[in-house]
Each structure stands twice: as structure tokens, then as C-alpha cells.
Amino acid sequence: MRTIYLDYNATTPLDARVREAMQPAFDEAWGNPSSVHHVGQSARALLDDARERVAATLKCKPSEIIFTSGGSESTNLALLGMARQLRSHGRHIIASAVEHDAVLHPCEYLANNDGFEITFLPVDSVGRVSPNDVREAFRKDTILVSIMAANNELGTIQPVAEIGALCAENGVLFHTDAIQWFGKLPLVSVADFQADLVSLCAHKFHGPKGAGLLYAKSPLNPDPILHGGAHENERRAGTENLPAILGLADAIVQFVPSPAFPMAQLGEWSNLLIDSVDSIEGASFIGDRDPNGRLNNTVSFIVEDSDSIALLSGLDLVGICASSGSACSSGSVTPSHVVKALGAPDSSANALVRFSLGRETSLEEVKLVADFLPRVVAQARGTNK
Ligand SMILES: Cc1ncc(COP(=O)(O)O)c(C=O)c1O
């Protein structure tokens with residue numbers, strides 16, 4: 001059976017050049033970068049060089065980069081690390097209702113264990129946060145706002161620069177989870193987000209899994225969430241995963257200024273899938289139809305009288321890999337909190353399908369999926385004649 005992979009928002013295959021860039025850390029530079037001897041120091045030189053290349057690409061200082069084990073660690077470090085440090089200044093945090101669990105759950109943890117109060121902002125019918133709602137949610141004790149740059153389930157792009165400017169005016173720190181943004185849309189400088197803290201992870205744009213970073217604008221220094229050695233300038237204990245960091249650095253240099261995802265082409269092809277969804281009775285596209293308001297590699301829809309598991313299994317049976325939104329909840333019937341935040345009932349939140357196209361997607365594959373989709377949906381709804 002032919003595999004058609006349309007789940008690029010979940011993860012992407014490792015790029016061949018990135019794989020090559022990782023190789024020295026498996027071979028000659030296998031030492032511990034903290035060792036004083038020359039074997040360790042050759043690994044240290046590669047680590048320092050990777051940090052400098054990342055900083056030069058993102059246009060920030062090397063000391064503003066904290067390498068982590070991936071997206072979830074970066075968001076946890078931003079939220080837990082800053083909240084704990086600033087708790088004597090205030091215990092109020094603002095986030096949106098459509099954040100990834102990697103932001104929602106640390107927020108809930110802070111509320112349940114550390115006496116924080118969290119305002120989860122509503123979103124409009126396409127999943128967008130209003131900067132005005134952020135302004136109205138500010139309190140004297142607000143210390144941090146966290147709004148994602150682009151949503152993983154719908155692709156909706158948030159007005160982060162505007163929200164970041166508002167936060168700066170109000171003296172409140174701003175974190176953006178830009179994990180779905182990097183590698184898809186071009187970025188000239190990390191300062192473009194107008195954020196104090198930015199989370200990134202490599203496997204979303206052809207880098208290795210287990211590698212990410214948190215940009216923390218100088219002089220911010222989040223409290224570590226991993227304790228032990230003095231790695232990463234005492235901000236993250238643990239011997240550095242040098243192969244992954246070299247891969248992360250190469251993916252950033254290659255794909256952050258000029259994205260890996262051919263978005264203009266993918267946008268056109270996504271329209272074929274949207275047309276197919278629109279032609280199916282009981283199926284509704286969700287998200288922003290404006291290609292500038294959405295990561296337009298992403299097409300999400302819900303199906304009446306069905307559920308994600310039936311739909312995804314039906315697609316998988318014919319070789320098509322899709323998702324019900326966030327990868328961690330596919331395989332279970334956890335309703336999508338993003339769909340719920342749009343005001344849809346639980347039955348719709350259980351019936352989300354997301355296609356996300358990527359660099360290796362072909363027009364032929366998209367046409368095949370667009371053709372198959374009505375049949376798969378009819379089968380999943382038990383209405384196939
Ligand atoms: C928007 C967003 N934030 C955070 C994460 C978590 O990243 P990871 O699973 O690599 O830790 C993901 C991954 O799906 C994501 O899409």
C-alpha cells in the first residue's frame with residue numbers, strides 16, 4: 001500500500017543535510033563538552049559554534065539561546081521558570097484557550113500547585129485571539145502572557161507582534177510558542193515576534209527529535225526546571241545532546257530564513273482538499289479560509305455523526321496519514337480543546353481531522369486524497385451505500 005503522509009504539523013522527516021551536520025558528534029566529537037581535556041573541548045567547540053550560528057540566524061545574542069530537549073521543555077522552562085522567579089511580583093498569567101497542552105498544562109500546574117491564577121482568553125470563530133481581550137485581561141499582578149504564533153490544529157496565525165507590543169507597554173513579559181511557525185513562514189529576526197521568550201523545536205522543520213531551544217531576551221534568566229550541573233549558563237542542567245543540537249542548528253540555518261515548507265504551492269494544493277471537504281455533506285472546514293491568516297499547509301475539518309478515530313482509521317486503511325489535531329491525543333478520543341474553544345459541541349470536538357502538507361507532498365497525492373475523502377467520510381459515518 002502506498003503511504004501518503006499528510007501529518008507534517010506532527011513531525012517531519014530528517015533532512016539529509018541536517019543528518020550529515022549531526023555526524024561529527026557521533027564520530028570524532030563524541031566527548032562531553034564539560035570535560036577539560038581536548039576530547040571534551042572539541043565537542044565544546046562544536047557546541048559553541050552551533051549556538052553562535054543559531055544566534056546569528058535568529059539575530060540575537062548567543063547567551064539568549066537555551067538549548068532544550070524540545071518544544072515541551074522550552075514552553076515549560078518559559079512558563080515555570082519565569083513564573084516561579086516572578087511570583088513575588090504577581091501571580092496572574094494570561095494565555096489563550098487554544099494553546100498547545102505544552103503551554104496549557106504548565107499553566108494549570110502553576111494554578112493548582114503554586115497559587116497562580118490563569119486567564120484563558122477566548123478566540124473568535126477561526127481561533128484567533130483579540131489583542132483587545134489581552135489588554136482587558138491585564139491586572140496589576142499580571143506577570144506573563146503566553147500566546148502561540150500559529151495554532152497546531154487549525155494553523156490560525158495569531159497577532160503576536162501586536163500582543164507583544166501591548167505587553168511591553170504594560171511591563172508584562174510575553175512568551176510565544178512559535179513551534180509551528182518556524183520553518184513554515186520566513187523569519188528575519190526573532191525580535192519580529194516582539195516577545196521576551198520564544199519556544200522553538202527542530203523536528204517540526206526537518207530537524208531531529210529531542211532538540212529545541214528557548215530564546216530568552218537578555219537580561220532574562222528563567223529559573224531552571226532541571227537541576228544539577230551548571231550547563232546552559234546554569235539555566236538547564238544535563239550533558240548537552242550534541243548530535244541533536246548540531247541538527248537543530250543546521251535546520252535553523254537552512255530553514256528559518258527560507259522556509260522548508262513551500263507554502264505558496266501548498267496553499268494552492270490545500271484548496272483542493274478544502275474543496276473536497278466542502279463537497280461532503282456533514283463535513284465542515286474549520287479555521288481561517290484567508291490564506292494569509294492561516295498556515296496554509298493545514299486543512300482541518302469536523303464531521304457530523306462521526307468521530308476522529310473512525311475517520312483517521314478509515315484514512316489509514318487506504319494509506320493516508322492524518323491527525324485529529326495534537327499528535328499526543330490521536331489514538332484516544334480526547335475532544336479537541338481547540339474545537340471546543342470555537343464554541344462547537346463535544347461531538348464536533350471528537351470528530352476533528354487535520355491534514356498538514358509538507359515539503360515532500362506531491363500534487364498527485366493531494367488529488368488522490370481529495371478523491372478518496374468523500375468515500376472515507378461516508379464509510380466512517382456509516383452512510384456508504
Ligand atoms: C504548538 C506546539 N507547541 C508545543 C508542541 C510540543 O512539542 P514537542 O512535542 O516536540 O515537545 C507542539 C508539538 O506538537 C506544538 O505543535
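The values are calculated or read from the model by the stated rules, or taken from the named source; none is laboratory data. Computed from a predicted model, the values in this text were never measured in an experiment. Methodologically, a virtual Cβ is constructed for each residue, glycine included, from the backbone with ideal geometry; neighbour enumeration extends over all protein chains shown. Note: accessible area is taken over every heavy atom of the protein model, side chains too, but ligands, DNA and RNA are not part of it. Shrake-Rupley method; radii C 1.70, N 1.55, O 1.52, S 1.80 Å.
Some observations on this one:
- Among the residues making up the range 231-245, a single one is touching a residue at least 40 places away in the same chain (Cβ under 8 Å), surrounded by fewer than 18 Cβ atoms within 10 Å (Cβ to Cβ) and not in a loop (DSSP other than H, G, I, E, B): Asn233.
- Qualifying residues in the range 262-289 (those that are of a type in the set (Ser, Thr, Tyr) and not in a loop (DSSP other than H, G, I, E, B)) - the one surrounded by the most Cβ atoms within 10 Å (Cβ to Cβ): Ser270
- Of all residues in the range 182-206 being part of a loop (DSSP other than H, G, I, E, B) and open to solvent by 40 Å² or more (accessible area, probe 1.4 Å), the one that is farthest from the ligand (Cβ to nearest atom): Val188
- Selection status of Gly228, more than 13 Å from the chain's Cα centre (by Cα), assigned to a loop (DSSP other than H, G, I, E, B) and not acidic (Asp, Glu): yes
- Extreme residue, surrounded by the fewest Cβ atoms within 10 Å (Cβ to Cβ), among residues of the range 159-181 that are assigned to a loop (DSSP other than H, G, I, E, B) and among the polar types (S, T, N, Q): Asn170
- Checking Val318, Val253 one by one, the residue that is in contact (Cβ under 8 Å) with a residue 60 or more places away in the chain and more than 21 Å from Leu185 (Cα to Cα) is Val318 and no other.
- Taking the range 96-117 as the range and being open to solvent by 40 Å² or more (accessible area, probe 1.4 Å), in a loop (DSSP other than H, G, I, E, B) and within 13 Å of the ligand (Cβ to nearest atom) as the test, only His100 passes.
- Selection status of Leu144, away from the ligand (no atom under 16 Å from the Cβ) and either touching a Leu at 6+ places or on another chain (Cβ under 7 Å) or in the same structural domain as Gly293 (by TED's automatic domain parsing) (or both): yes
- Filter result for Arg19 (charged (D, E, K, R), over 20 Å from Leu197 (Cα atoms) and open to solvent by 60 Å² or more (accessible area, probe 1.4 Å)): yes
- Boolean, Asp177 is more than 23 Å from Leu295 (Cα to Cα) and either more than 16 Å from the ligand (Cβ to nearest atom) or touching a helix residue (DSSP H, G or I) at 6+ places or on another chain (Cβ under 9 Å) (or both): no
- Condition met for Asp305 (assigned by TED's automatic domain parsing to the domain that holds Val376, surrounded by fewer than 23 Cβ atoms within 10 Å (Cβ to Cβ) and in contact with a Ser or Thr (Cβ under 6 Å, 6 or more places away or on another chain)): no
- Residues in the range 50-92 that are buried (at least 24 other Cβ atoms within 10 Å of the Cβ) and hydroxyl-bearing (Ser, Thr, Tyr): Thr68, Ser74, Thr75.
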